[in-house]
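Data block below; observations after.
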Amino acid sequence: MSQTLLPTSLVGSYPQPDWLIDRKKLAGRFPPRVRAMELWRIAPEWLEEAQNDATLLAIRDQERAGLDIITDGEMRRESYSNRFATALENVDIDNPGTALDRSGHPNPVPRIVGKVRRKHPVEVADVKFLRANTSRTIKMTVPGPFTMSQQAQNDFYKDEGEMALDYAAAVNAEIKDLFAAGADVVQIDEPYMQARPEKARQYGLAALNAALDGVKGTTAVHICFGYAAVIHVRPDGYSFLPEFANSLIQQVSIETAQSKLDCAVLDKLPGKTIILGTIDLSDPTVEVAEIVAARIRRALPHVDARKVIVAPDCGMKYLTRAIAFGKMQAMVEGANIVRRELQDKMS
């Protein structure tokens, strides 16, 4: 793990190149829950090679911008969750069901027809590719058990809580394999804990802890208000956040930029490392470094600077690559400003 004060990282995704995926189609629909092979511009026999090349571009962009913690940019995914969720046993993607998205919009989703199990590792090859192509700290993301349970039609389990625990067992096995394959950090994406906080309290937190059972390695959870490109109305605070204080998770990834979050809520997460969202993804304007620095400073009365990782609010998937790269550079420069201020105080 990086020992740098205020290390910088993506949340997970980076813009996929236009030659790889039809970005206009991608932006014109809700994030797919079932497979969406029609989005890819590359023929199936060349797709893996093209995704590898796009991943190398994402890695090099992050390194050039100066990020300390590198992801694979999620270049191989049609959405943050569907690649993993549709690879599990007893998940019928050929005859999909329907579930409401967090906006209340009905969406085709996997239909659960039996006990959910992981058939094989899903992202291990991805993390090995990432590890082979950068010497920096690396992070891999997986969809969370609660979120996947909300993005499926349950035609088998007596209740969603039981289903979420089987998703958790699948995620748990995947996380252990990702660490064995070289991941430094594994992040569980749980945006639906914010969207459906009552269910998250009933059984979502238990599923998250089950996903972490026996895991040895640095783990994070990402909770957000939804992609800014898709969900335009943002609350000014979280409906589910202090609950993570008693979870097994070590790092909590939150949005503060677009929502202008009152960072006093971070007082309720003592001991947790905060992946601090400092880049507004709803605004295509590239922030100046001082704006990023101000967003970092806003959090520091409520969390030890040694437990802050500087990041965008959410995934950068829907930005253009030029804007995303500019925002990454501004994020690094803003972190450098505050890092120097803190080091001056310490000296």
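The values are calculated or read from the model by the stated rules, or taken from the named source; none is laboratory data. It should be emphasised that the depicted structure is a prediction, and the values quoted were computed from it without experimental measurement. Note that each Cβ is placed from the backbone with ideal geometry, even for glycine, and that neighbours are counted across all protein chains shown. Note: accessible area is taken over every heavy atom of the protein model, side chains too, but ligands, DNA and RNA are not part of it. Shrake-Rupley method; radii C 1.70, N 1.55, O 1.52, S 1.80 Å.
Key figures
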read-out: Counted residues, region 197-214 - those being touching a Lys or Arg at 6+ places or on another chain (Cβ under 9 Å) and crowded, with 21+ Cβ neighbours inside 10 Å; value: 1
read-out: Output for region 294-335, where each listed residue is in a helix (DSSP H, G or I) and farther than 21 Å from Gly12 by Cα; value: Ala294, Arg297, Arg298, Ala299, Ala305, Arg306
read-out: Region 60-89 residues that are more than 30 Å from Ala330 (Cα to Cα), paired with ones that are assigned to a strand (DSSP E or B) and of a type outside the set (Val, Ile, Thr) (beta carbon under 7 Å, 6 or more apart); value: Phe84/Pro143; Ala85/Pro110; Ala85/Pro143; Thr86/Pro110; Leu88/Arg117; Leu88/Arg118; Glu89/Arg117
read-out: Selection count where residues are crowded, with 16+ Cβ neighbours inside 10 Å, among the polar types (S, T, N, Q) and closer than 30 Å to Trp19 by Cα, scope region 309-347; value: 1
read-out: Scan of region 50-102 for residues that are in a loop (DSSP other than H, G, I, E, B) and either closer than 15 Å to Met316 by Cα or of a type in the set (S, T, N, Q) (or both), ordered by number; value: Leu67, Thr71, Asp72, Glu74, Met75, Arg76, Arg77, Glu78, Ser79, Tyr80, Ser81, Thr86
read-out: Qualifying residue in region 220-234 (condition: touching a Gly at 6+ places or on another chain (Cβ under 9 Å) and in a helix (DSSP H, G or I)); value: no
read-out: Tally of residues being crowded, with 23+ Cβ neighbours inside 10 Å and among the charged types (D, E, K, R) across region 48-103; value: 3
read-out: Breaking point among (1) more than 23 Å from Gln62 (Cα to Cα); (2) open to solvent by less than 50 Å² (accessible area, probe 1.4 Å), for Thr256; value: (1)
read-out: The lone exception for Lys158 - which of (1) assigned to a loop (DSSP other than H, G, I, E, B); (2) open to solvent by less than 30 Å² (accessible area, probe 1.4 Å) it fails; value: (2)
read-out: Qualifying residue in region 294-308 (condition: open to solvent by 20 Å² or more (accessible area, probe 1.4 Å), modelled with pLDDT under 95 and small (Gly, Ala, Ser)); value: no
read-out: Filter result (open to solvent by 20 Å² or more (accessible area, probe 1.4 Å) and either farther than 18 Å from Pro242 by Cα or in a helix (DSSP H, G or I) (or both)) within region 259-279; value: Ala264, Val265, Asp267, Lys268
read-out: Enumeration of residues in region 24-47 that are open to solvent by less than 60 Å² (accessible area, probe 1.4 Å) and in contact (Cβ under 8 Å) with a residue 12 or more places away in the chain; value: Leu26, Phe30, Pro31, Pro32, Arg33, Val34, Ala36, Leu39, Trp40, Ile42
read-out: Residue pairs meeting the criteria (Cβ under 8 Å; at least 6 apart or on separate chains; first at pLDDT 95 or above, in region 117-137; second of a type in the set (Lys, Arg) and in a helix (DSSP H, G or I)); value: Val122/Arg83; Glu123/Arg83
read-out: Some residue of region 101-122 being of a type in the set (Asp, Glu) and closer than 22 Å to Ile21 by Cα; value: no
read-out: Number of positions in region 280-293 that are of a type in the set (A, V, I, L, M, F, W, C) and either surrounded by 22 or more Cβ atoms within 10 Å (Cβ to Cβ) or farther than 20 Å from Ile337 by Cβ (or both); value: 3
read-out: Filtered residues of region 103-138 (kept if under 17 Å from Ala173 (Cα atoms) and part of a strand (DSSP E or B)); value: Lys115, Val116, Arg117, Arg118
read-out: Residues of region 143-153 satisfying the condition of being hydrophobic (A, V, I, L, M, F, W, C) and touching a strand residue (DSSP E or B) at 6+ places or on another chain (Cβ under 6 Å); value: Ala152
